[in-house]
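For reference, the structure discussed in these notes is given below.
The values are calculated or read from the model by the stated rules, or taken from the named source; none is laboratory data. It should be emphasised that the depicted structure is a prediction, and the values quoted were computed from it without experimental measurement. Quick reminder, even Gly has a Cβ in these numbers, built from the backbone with ideal geometry, and neighbours come from all protein chains shown.
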Amino acid sequence: MEPKFRTLKGMHDLLPDFHDYFTFIKKVARHRCRQNGIKRITTPILEKADLFRKTIGENTDVIEKEFYVFKDKNDDMIALRPEGTAGAVRSYIEHALYNEVQPIMFYYIGPMFRRDRPQKGRFRQFNSFGVEIFGKQDPAVDAELIILADTVFTDLGLKKDLKLKINSIGCQKCRKKYIQDLKDFYIGHQRNLCADCQNRLDQNPLRLLDCKEEDCQILAKIAPKMKDNLCEDCDMHYTTVKKYLDELNITYMEEPTLVRGLDYYTKTVFEFYYGKYELALGGGGRYDYLVEMLGGPDTPAVGFGFGIERIVECMKDANIKVATKDFVDVFVVQLGEKAKIEAMKLLFELRNEGIKSRGLFGNDSIKAQLRVADKLQAKYAIVIGEIEVRDNIVMFRDMQNGSQESIKRDELLPKLLKLLNANIDKI
Ligand code: HAM
């Protein structure tokens, strides 16, 4: 059948199979954040467009090519958030959270929007898990954050094929001179650059380093390195982050061309990749000027963001199965009007006891209802017909071995509670 409506290009439905993974990822993220004293925040999906323009940078792909901006009825330019950091910073300033004990640490999980070219691993609406830490410049905070991300990936079962790349892109002081050196280097090679990079040379030369075009990559390898141009403070910061990672046995690769695609970064940047095609699962870094730039006090900060759809893709590729709580303990089969009422009462009772139970209303035969119970892999079926109602009994069927017995109605609940004890799911 040809559907009348489909999702918009690049948008996708998250079906129950995806949610099994999503629920597990959220559980791991929450658990690890809680262990680290990181609390959850949720910022709106819509913000003023300028918030993103100012923070992410006008000359980035996210703003130039992928930004969803609209004029609302008051002629205000509003945008669907393409990432979570800008909103978190706005919120930190708006609620004067700098007056609380620092560092203050947040995590968020929610949808982001980028009008990317749809392809494998690139959606126009995707979900992100991110952490932002405000108020401490210590390299130990960078290392802790990287270790947290590494722990989450370990919990998800992705550690084996995971690669962590790190770099430092310096501060306003040392980056200025470096960018000039970079421009000087590229000016002689302009003809070999892709069209995008020819534009970037003027607007955002750092991005030339992480272009995916082969010719640009060859040049990026021989271009001057930020690492060799760091000021004393940035150099010390970078060396110390690496020392802490070494001390904690976190394997990483230094990648001098890693700059990340957003303009707000300073000092440490990092990214996690998965598998032989090095799919970027997420990354982050310091952004020590951003709070002040948006009108808050001088506040160093560091964070990361991960793409949940990409993580799910990798988990599926790696054949990682996740436990789901969406199974059926008991399926109630009924036949006849009186039995239907009894079945409804029973279902209500079972659910209140934390037993996951389903029934199939309608007038299907007992055989047809049992077939559904089988398809849903229910552990037990309770069959109620007119005779069972009259005699105050139920037919108890073990769906795994097919055995069946008639038991008294008031013996049913204690029996089920005993059999299902380990699986009872109370709020
Ligand atoms: P980002 O690298 O732009 O960083 O995005 C983080 C992750 O989101 C990417 O690595 C990728 O897994 C996922 N992602 C990005 N675009 C798409 C897309 N079109 N479809 C599916 N997944 C996508 C940030 O967003 C920063 N805010 C991270 C951060 C937080 N830095 C500091 N704090």
Seminar exercise, completed: Subset of the stretch 155-168, residues of a type in the set (Lys, Arg) and outside any helix (DSSP H, G or I), comes to Lys163, Lys165
Problem set entry | Qualifying residue in the stretch 238-251 (condition: part of a strand (DSSP E or B), touching a strand residue (DSSP E or B) at 6+ places or on another chain (Cβ under 7 Å) and farther than 30 Å from Ala318 by Cα) | no
For this session: Report whether or not Lys160 is modelled with pLDDT of 90 or more, out of contact with any helix residue (DSSP H, G or I) (no Cβ under 8 Å at 6 or more places or on another chain) and more than 13 Å from the ligand (Cβ to nearest atom).
Result: yes
For this session: For the stretch 233-287, enumerate the residues that are of a type in the set (A, V, I, L, M, F, W, C) and closer than 21 Å to Leu156 by Cβ.
Result: Leu245, Leu248, Ile250, Met253, Phe270, Phe272, Leu279, Ala280, Leu281
Exercise. Here is a list of conditions, (1) surrounded by 19 or more Cβ atoms within 10 Å (Cβ to Cβ); (2) touching a strand residue (DSSP E or B) at 6+ places or on another chain (Cβ under 8 Å), and Arg351 meets all of them except one; can you say which number that is?
Worked result: (1)
Exercise. Is there any pair linking a residue in the stretch 396-420 that is without any contact (Cβ under 8 Å) to a residue 60 or more places away in the chain and under 21 Å from Gly354 (Cβ atoms) to one that is loosely packed, with under 15 Cβ neighbours inside 10 Å and among the hydrophobic types (A, V, I, L, M, F, W, C), with Cβ under 6 Å and at least six apart or on different chains, and which?
Worked result: Phe396/Ile407
Exercise. Out of (1) over 27 Å from the mean Cα position of the chain (by Cα); (2) at pLDDT below 95, what's the single condition that is false for Glu247?
Worked result: (2)
Exercise. For the stretch 1-67, list the helices (runs of 4 or more DSSP H) that sit wholly inside it and hold at least 1 residues that are without any contact (Cβ under 8 Å) to a residue 40 or more places away in the chain, crowded, with 18+ Cβ neighbours inside 10 Å and hydrophobic (A, V, I, L, M, F, W, C); which are they?
Worked result: 49-56, 61-64
Seminar exercise, completed: When restricted to Glu278, Glu271, Glu247, the only residue touching a residue at least 12 places away in the same chain (Cβ under 8 Å), more than 11 Å from the ligand (Cβ to nearest atom) and of a type in the set (Asp, Glu) is Glu278
Problem set entry | Residue check for Gln377: of a type outside the set (A, V, I, L, M, F, W, C) and either buried (at least 19 other Cβ atoms within 10 Å of the Cβ) or without any contact (Cβ under 8 Å) to a residue 24 or more places away in the chain (or both) | no
Problem set entry | Unmet requirement for Asp329, which otherwise passes all of (1) buried (at least 19 other Cβ atoms within 10 Å of the Cβ); (2) among the acidic types (Asp, Glu); (3) within 20 Å of the chain's Cα centre (by Cα) | (3)
Problem set entry | Test for Asn59: is it in contact with a helix residue (DSSP H, G or I) (Cβ under 7 Å, 6 or more places away or on another chain) and at pLDDT below 95 | yes
Exercise. Of all strands (runs of 3 or more DSSP E) completely enclosed by the stretch 77-139, which ones contain at least 1 residues that are of a type outside the set (Lys, Arg), closer than 25 Å to Asp150 by Cβ and within 9 Å of the ligand (Cβ to nearest atom)?
Worked result: 104-113, 125-134
Seminar exercise, completed: Looking across the stretch 290-306 at residues that are in contact with a Gly (Cβ under 6 Å, 6 or more places away or on another chain) and of a type in the set (Gly, Ala, Ser), the single one that is surrounded by the fewest Cβ atoms within 10 Å (Cβ to Cβ) is Gly305
Seminar exercise, completed: By residue number, the members of the stretch 250-266 that are under 19 Å from Met236 (Cβ atoms) and within 12 Å of the ligand (Cβ to nearest atom) are Tyr265, Thr266
For this session: Kindly indicate whether Arg124 is free of Cβ contacts under 8 Å to residues at least 40 places away in the same chain, of a type in the set (D, E, K, R) and touching a Phe, Trp or Tyr at 6+ places or on another chain (Cβ under 7 Å).
Result: no
Exercise. Quick one: would you say Asp150 is crowded, with 17+ Cβ neighbours inside 10 Å, outside any strand (DSSP E or B), at pLDDT below 95 and acidic (Asp, Glu)?
Worked result: no
